[in-house]
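Notes follow the structure.
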Amino acid sequence: MKRRTFIKWSGTLFALPALQACDLLSGNANFPITFTGPNASTAHKIRTQEFPDPQITKELDTIIVGGGISGLSAARWLKNAGHTNFNVFELESAVGGNARGGKNKISEYPFAAHYVPIPNNTFTELLHFFEQHQIITGYNEQQLPVYNPYYICSEPQERLFFRGIWHDGLPPKNGLNTNEWHELQRFLNQMEQFKLAHGVDGKPAFTIPLEWSSTDPAYTRFDQMTMQEWLEKESYTQPFTHWFIDYCCKDDFGTPASKTSAWAGLHYFASRNGKAANCSTFDILAWPEGNHFLTKCLMADVAAHIQTQHLTYKIEKEQAHWKVFVWNEATQQTILYLAKTVIMACPQMVNKHLLKALMPIDYNYFQYYPWLVANITINKKSELNGSQDLAWDNVSYNSPSLGYVNATHLSLASNQQETVITYYYNFSINSAKEERLTIASKTPEQWKQFILDDLKLIHPTIANNISAIEVNVLGHGMISPTPGFLSHPARAQLTKGLPGLYFAHSDCSGISIFEQAFYRGIEAAKQVLHYGS
Amino acid sequence: MNNSKKKTLLLLLSVFVIATCGLIYELIAGTLASYLLGDSITQFSTIIGVYLFAMGIGSYLSKFFKDRLLTWFIQIEILVGLVGGISATILFFAFEQASGFHILLYGLISLTGILVGLEIPLLMRILKSELEFSELVSQVFTFDYVGALLASVLFPLFLVPYLGLLKTAFFFGMLNILVAILLCFIFEKGIRYLRFLRAQAIVLLLVLLVGFVYAERIQNFTETLNYNESIIFSKSSPYQRIVLTNVKGTTKLYLNNNLQFSAADEYRYHEALVHPGLSHLYGPATILILGGGDGLALREVLKYPSVQKVTLVDLDATVTDLFKNSASLKKLNEGALSDKRLTLINTDAFTWLKKQQTQFDFIIIDFPDPSNFSIGKLYSTSFYEEIKKVLKPNGAFVVQSTSPFMARKSFWCVNATMKAVGFQTQAYHVYVPSFGEWGYVLGFNHFGSNTVYLPQQLRFYNPQQWEEMKHFPIDMAEVPTAINKLNNQVLIHYFEEEWGKVQ
């Protein structure tokens, strides 16, 4: 008898609480745990820059450093403009950055980013991209986009484990007491007002891309306080309201409300106003593999230009061109590229080492908190049902984690027994550096226990239904818009760039979402095209 | 009463307990077998026969036990308790696995019989020094038969109704072991391996106690007791639990405890599913059936001589194999699943459909009711959009759409959803005694009002009937509903709301 079978039987026959308490049945569940984190050992070599001198020199019009969404978006834009003599250098073995994904025999699943809300109708570049890849299949008589129904996240989208049971929706449609409900409604109504608000410059108070938002101080002043302070100022007192907003801040920015700029916090709720023919503003687009789907769409156009396992470790300016030093991890060779223009599509924590004095900005303002993303294979997904069936996004009020997303939710198979859930945890209580030190010391066994201890609060016997865990520890998960960040001069410097060298990463915007990365990529590509002409 | 007499009485009491327990185990086995396998006369008769025969073997074997009789007696007593106590549970679980159940059933009966059969002769030999032979025989058999009477009276009147089969078995198993423990303490000196026996007895007593306490959970786990009918086949496929039952010659199919059909009236359901659509089409040649792995809708389809090619897509190969190979079920679907015109595909309908290029004249959609979100997708606008792509312009499709009486909104929601993707529809209903009022919706672009061809010798459907089926009385008449889309899944909410009241 296999161990798992034994556990199942013993769990049923002699479901002894005492035995479970001593973890005999659920704690030592015997499933494999694997790591798929970023290639930190190679990446960290840019600090010391100990690479052999280049033996080969090559020339290119443009080099894109980094193959995340912003790099791929820049590449796509260049290619569409007929500017084709360029390469994208990516350190990892696959492009996509936070929009990468994995696959096992049950499903594809995301490594990090997993959805995109219905975009604003003003962001036409994004709508065109969606049309090109059948995410938008057409427009109705009112010119509203028709989204591919298979990509609109189907019901039940979200559920919340709150006061001992699962409730439909997030925020939940029921389960709140009168005071909690009224305060939450007040907050949401206030956000609806912000959605409609415009500054004296005629621009929307909050929109995506955030660069198109109003610069009216009536709104930008919110960048000078934390979201927590804003809530207090507006007399929000219910713990549920605070929990909900804290959750949203952690989910989108990697920091709690107490560390997030209030402007960013409000932007989260008030910037999305997309209208569609066949779904609502609050709907989202999702795929089993998360935003890796979008990576594949972007890659389709530019695959021939991508070089993976290529670490860019140094950039120098020499007369009319840029010297870009690239380490090919596969062939263990250094190559020197001479390029007319460069797009820096990597985070500033990397640029700091690549550019050094070339770009004298204050890098301390760029904070990236660590994340844990674990893909957990579940052998019987019906075991995750409760008072509400398993939803796409499943969140627990009492857990410090951000819950989990069900990868097979969008699968059309009607009788799938197994699934993969993607579990998210953001470490932001202490400083980013301290948090990184804490997580770096954890062993696979400790991660397993860490995840199980949390999940057991909502699914007491989940260990019996896990067949594998794939852990992805992201030391620098995403940029966090701390107070003052958005109005910091470093952002303006990055937006301007250097002559022939431009910045595309979403951290230049301060918010790590697909739309921002997509936008920054286009902007940097436009700068490159402009520089040449 | 002196010490020796006390011990004699004790031993005789244990005869009484053994006899009671023995008969209880036999009754449990008989009940279980007729419960699970049906045909109670055969089951009881063979089980009693095998049990008594096994007791005979036990009695014969008793002569090979030469010495340390009391030790052996206690050991056997413990074993009887263990085997008898867990036998019912083992049989329940084994039945779920479906194969080799008979061997296990008679094996356990024989083992219990042999052990019980050993005990009486051993006991008589232990007591022969204490009592006269005539006294011995008289007393032992008196206790034996009184115990049997008690068991046979208690079993139907008290044990089955109040404790259930599993608890009863665990209870008497414990009783056996308690007797063994008692003997261990009273006859301390005459027993070898005393500590071993005691420890063994106490551990097994605890095991049975746990089983007794958790018997209901075990029972829920097996589910088998939910059927108040004789089960002729049961198997868990990777997708569902398949149970076939038989009551007085009528076969019924249950998938995950939901009745799929009863052979007594399935013709009403399947004739109503197939003929209203198919009989109005001109020379339908290519047919698609989604769901319907029992081959019963297929049987109706094959009655049309114009049909050249039928594609049947059903998720569960276990179901289609069963209905293709079992003699009694083949009789029911007239061997439809072996027809040369059929292409049988075991895969998920939605994903399969999305990849199709060819078009069909008639499509039959016979999925389970929309009781969960993953099945709800098969009733969505997106699904019907895919149907549109594979339906010939002059073709039609029919959807089994739950009961318009029990789930009125759900039914009309299916109708509204089909309309929303641009089809014209014709809703209709029929009375199927096992289900009640049942509803279907036909979808099409053009649909003739005249019957083109109707097979001979149908048992229920005819054109006059069709006129009645299209009429909905007030309590089932159309109600306005939302449209079921992937991203709202309203149908699931209607269905839960409506059937939730009933179940």
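The values are calculated or read from the model by the stated rules, or taken from the named source; none is laboratory data. Every value quoted in this text rests on a predicted model; they were computed, and no experiment measured them. Every residue, glycine among them, receives a Cβ derived from its backbone with ideal geometry; neighbour counts consider all protein chains shown. Ligands, DNA and RNA are stripped out before the accessible areas are found, and what is left, the full protein with its side chains, is counted by its heavy atoms. Shrake-Rupley method; radii C 1.70, N 1.55, O 1.52, S 1.80 Å.
Observations on the structure shown:
- Qualifying residue in the stretch B:469-491 (condition: within 14 Å of chain A (Cβ to nearest Cβ) and among the charged types (D, E, K, R)): yes
- Scanning the stretch A:249-262 for residues being under 22 Å from A:GLY169 (Cα atoms), over 13 Å from the mean Cα position of the chain (by Cα) and in a helix (DSSP H, G or I) gives a total of 1.
- Scanning the stretch A:383-400 for residues that are surrounded by fewer than 21 Cβ atoms within 10 Å (Cβ to Cβ) and within 14 Å of chain B (Cβ to nearest Cβ) returns A:GLU383, A:ASN385, A:GLY386, A:SER387, A:GLN388, A:ASP389.
- Verdict on B:ILE345 being aliphatic (A, V, I, L, M), modelled with pLDDT of 95 or more and open to solvent by less than 10 Å² (accessible area, probe 1.4 Å): no
- Residue within the stretch A:446-453 that is of a type in the set (Lys, Arg) and open to solvent by 20 Å² or more (accessible area, probe 1.4 Å) present: no
- Qualifying residue in the stretch A:401-416 (condition: within 14 Å of chain B (Cβ to nearest Cβ), open to solvent by 40 Å² or more (accessible area, probe 1.4 Å) and out of contact with any Lys or Arg (no Cβ under 8 Å at 6 or more places or on another chain)): yes
- Restricting the search to helices (runs of 4 or more DSSP H) fully inside the stretch B:393-503 and requiring at least 3 residues that are in contact (Cβ under 8 Å) with a residue 40 or more places away in the chain and crowded, with 16+ Cβ neighbours inside 10 Å gives B:408-420, B:490-502.
Condition check ((1) open to solvent by 50 Å² or more (accessible area, probe 1.4 Å); (2) over 22 Å from A:GLU523 (Cα atoms); (3) hydrophobic (A, V, I, L, M, F, W, C)) across all residues:
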residue: A:LYS103; (1), (2), (3): yes, yes, no
residue: A:ILE106; (1), (2), (3): no, yes, yes
residue: A:HIS114; (1), (2), (3): no, yes, no
residue: A:LEU127; (1), (2), (3): no, no, yes
residue: A:PHE130; (1), (2), (3): no, no, yes
residue: A:ILE135; (1), (2), (3): no, yes, yes
residue: A:TYR139; (1), (2), (3): yes, yes, no
residue: A:GLN142; (1), (2), (3): yes, yes, no
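- Applying the condition of being open to solvent by 20 Å² or more (accessible area, probe 1.4 Å) and in contact with a Ser or Thr (Cβ under 7 Å, 6 or more places away or on another chain) to the stretch B:260-275 and asking which residue is nearest to the other protein chains (Cβ to nearest Cβ) yields B:ALA263.
- Consider the stretch B:233-259 and keep the residues that are among the aliphatic types (A, V, I, L, M) and surrounded by fewer than 17 Cβ atoms within 10 Å (Cβ to Cβ). The one that is farthest from A:SER414 (Cα to Cα) is B:VAL247.
- Within the stretch A:271-312, the set of residues being among the charged types (D, E, K, R) and surrounded by fewer than 17 Cβ atoms within 10 Å (Cβ to Cβ) comprises just one member, A:LYS275.
- Selection within the stretch B:350-391: residues that are facing another protein chain (nearest Cβ under 8 Å) and more than 22 Å from B:THR425 (Cα to Cα). The member of this set that is most open to solvent (accessible area, probe 1.4 Å) is B:LYS354.
- Among residues of the stretch A:72-84 that are in a helix (DSSP H, G or I), those with a beta-carbon under 7 Å from a residue that is of a type in the set (Asp, Glu) at least six positions away or on a different chain give the pairs A:ARG76/A:ASP301; A:LYS79/A:ASP301.
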